[in-house]
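The values are calculated or read from the model by the stated rules, or taken from the named source; none is laboratory data. Since we're looking at a predicted model, the values are computed, not measured. In this analysis, Cβ positions are derived from the backbone assuming ideal geometry, glycine residues included, and neighbour counts consider all displayed protein chains.
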Amino acid sequence: MTLLIDGRSAFAQRTTGWERYTRFLLQAVDPFPETLVYKAGGSSLAKRIFSDQVVLPTRSRRAHVSLFPTYPPGYMQASGGTVFIVHDLTWWKYPEMASAAGRYYYRPLANMWAHRATRLVTVSEAMAIEMRDYFNREVDVVSNVVAPVPFRSAAKRKVKPYFLAVGSVEPRKNLSGLWRAFQRSSLQRDFDLVLVGRQAWGTVPDGIRFTGPVSDEVLTALYQGAQAFFAASFYEGFGLPVGEATALGTPVYCSDIPAFREATSGLAQQYFDPTSIEAMSHAFTTAASASDRPLPHNPFTVERMRSQLAVVLKNAF
């Protein structure tokens, strides 16, 4: 039996949740015999479309099952089992928060394969519940992996205390609301609000210290040095940065949404209403005066992903 994996995200230069998930997926599937990994394709939309509609359908003729961990298959996918992983329902429920490519190109494909795929998969139990109701079909879970890269501490520099946020700059991350809450807290003289992530289709509020993408080692250091980690997303399928902060023992203050409760195993210092500036401002005030740090906690391992993936692939052949 031969497995084809659309591995383009794993070899992309950017490191959002999709890319990290696919990289761990390739580790989890490594012992599987006769695995073909498609790595090329290019980053432009035109090159991605050519890969979707021409290259991958041709390659899939050599496989018994094709696995798509980020982008949906093309219209002419060859016969054989198809495993399609949907990370969240943004394209369906919140299209105004998605990119133009997501709304007009990927959503129609994803909608077709959400119903047609041999196995439909998602990245968290919270999202599986939502998807089963939305698509009226069985949904498997292959959990995200949380694995912060260890950082060897160097000589400490004296820096201004800071709160940390991590994520792509896009509307559903609610960065403008987070910044307004930080301003209302009147903590700017004593703390910075630092944002790490990719500039996507949103706007970075003036005043936030935006670093852009950083290396995994630097990101771990930023988690460990932060007074607290904040995530104010309106909607997520999992919330990898929230899981990473929890795994490193950084105090977490985040939106009260199902995905974040799962990613933190219910251990966040505080869950708040992301539509309430007052509630988020109060969370900043609470975090500023807190001195205790929680114990690290992380159930989201590669071994867990590997065991879940093995069941999905067995049922797809």
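Would you be able to tell me the number of residues in the stretch 252-267 that are of a type outside the set (Val, Ile, Thr), crowded, with 22+ Cβ neighbours inside 10 Å and more than 19 Å from Thr301 (Cα to Cα)?
Number of matching residues: 3.
Looking at this structure, is Phe260 modelled with pLDDT of 95 or more and in a helix (DSSP H, G or I)?
Numbers: modelled with pLDDT of 95 or more: yes; in a helix (DSSP H, G or I): yes.
Against the criterion (modelled with pLDDT of 95 or more and in a helix (DSSP H, G or I)), Phe260 qualifies.
Outside any helix (DSSP H, G or I) and within 25 Å of Thr2 (Cβ to Cβ): is that true of Leu120 in this structure? I'd like the intermediate steps shown before the answer.
Numbers: outside any helix (DSSP H, G or I): yes; within 25 Å of Thr2 (Cβ to Cβ): yes.
Judged against the criteria, Leu120 is a match.
Under 7 Å by Cβ, and 6 or more places apart or on different chains, what pairs join a residue from the stretch 207-227 that is closer than 21 Å to Leu178 by Cα with one that is assigned to a helix (DSSP H, G or I) and of a type in the set (Phe, Trp, Tyr)?
Filtered contacts from the stretch 207-227: Gly207/Trp179; Ile208/Trp179.
Filter the stretch 5-27 for residues that are surrounded by 19 or more Cβ atoms within 10 Å (Cβ to Cβ) and among the β-branched types (Val, Ile, Thr) and give the result.
If the condition is that a residue be surrounded by 19 or more Cβ atoms within 10 Å (Cβ to Cβ) and among the β-branched types (Val, Ile, Thr), then Ile5, Thr22 are the ones that fit.
Specify the residue that is farthest from the chain's Cα centre (by Cα); the eligible residues are those in the stretch 28-77 that are assigned to a loop (DSSP other than H, G, I, E, B), among the hydrophobic types (A, V, I, L, M, F, W, C) and surrounded by 14 or more Cβ atoms within 10 Å (Cβ to Cβ). Don't jump to the end; show me each part of the working.
Our first condition is that a residue be assigned to a loop (DSSP other than H, G, I, E, B); within the stretch 28-77, this holds for 29-34, 39-44, 63-64, 69-77.
The next check asks that each one be among the hydrophobic types (A, V, I, L, M, F, W, C); those that pass are 29, 32, 40, 63, 76.
This time we only want the ones that are surrounded by 14 or more Cβ atoms within 10 Å (Cβ to Cβ), so: 29, 32, 63.
Details: Val29: 19, Phe32: 25, Ala63: 28 Å.
For the stretch 28-77, the residue satisfying everything is Ala63.
Checking the condition among the basic types (Lys, Arg), loosely packed, with under 15 Cβ neighbours inside 10 Å and assigned by TED's automatic domain parsing to the domain that holds Gly237, which residue from Arg189, Arg184, Arg172, Arg116 passes? Before you say what the answer is, go through the steps one by one.
On the way: Arg184 fails: loosely packed, with under 15 Cβ neighbours inside 10 Å; Arg172 fails: loosely packed, with under 15 Cβ neighbours inside 10 Å; Arg116 fails: assigned by TED's automatic domain parsing to the domain that holds Gly237.
Criteria check complete, one pass: Arg189.
Can you confirm whether the stretch 270-289 contains a residue that is surrounded by fewer than 17 Cβ atoms within 10 Å (Cβ to Cβ), among the polar types (S, T, N, Q) and over 30 Å from Ser186 (Cα atoms)?
no
Can you tell me which residue in the stretch 260-317 is farthest from Ala181 (Cα to Cα), limited to those that are free of Cβ contacts under 8 Å to residues at least 60 places away in the same chain and in contact with a His (Cβ under 7 Å, 6 or more places away or on another chain)?
By that ranking, first place goes to Ser265.
Can we say Leu313 is more than 17 Å from the chain's Cα centre (by Cα), farther than 23 Å from Leu175 by Cα and crowded, with 18+ Cβ neighbours inside 10 Å? Spell out the reasoning first.
Details: more than 17 Å from the chain's Cα centre (by Cα): yes; farther than 23 Å from Leu175 by Cα: yes; crowded, with 18+ Cβ neighbours inside 10 Å: yes.
For Leu313, the condition - more than 17 Å from the chain's Cα centre (by Cα), farther than 23 Å from Leu175 by Cα and crowded, with 18+ Cβ neighbours inside 10 Å - is met.
Being out of contact with any helix residue (DSSP H, G or I) (no Cβ under 9 Å at 6 or more places or on another chain), surrounded by 13 or more Cβ atoms within 10 Å (Cβ to Cβ) and either at pLDDT 95 or above or under 22 Å from Asn298 (Cβ atoms) (or both) is the requirement here; does Arg107 meet it? Talk me through it step by step, then tell me what you get.
Numbers: out of contact with any helix residue (DSSP H, G or I) (no Cβ under 9 Å at 6 or more places or on another chain): no; surrounded by 13 or more Cβ atoms within 10 Å (Cβ to Cβ): yes; either at pLDDT 95 or above or under 22 Å from Asn298 (Cβ atoms) (or both): yes.
For Arg107, the condition - out of contact with any helix residue (DSSP H, G or I) (no Cβ under 9 Å at 6 or more places or on another chain), surrounded by 13 or more Cβ atoms within 10 Å (Cβ to Cβ) and either at pLDDT 95 or above or under 22 Å from Asn298 (Cβ atoms) (or both) - is not met.
How about the stretch 1-27: which of its residues are among the charged types (D, E, K, R) and part of a strand (DSSP E or B)?
Asp6 - this is the single residue of the stretch 1-27 that is among the charged types (D, E, K, R) and part of a strand (DSSP E or B).
Which condition number does His87 fail, the rest of (1) in a loop (DSSP other than H, G, I, E, B); (2) under 19 Å from the mean Cα position of the chain (by Cα); (3) at pLDDT below 95 being met?
(3)
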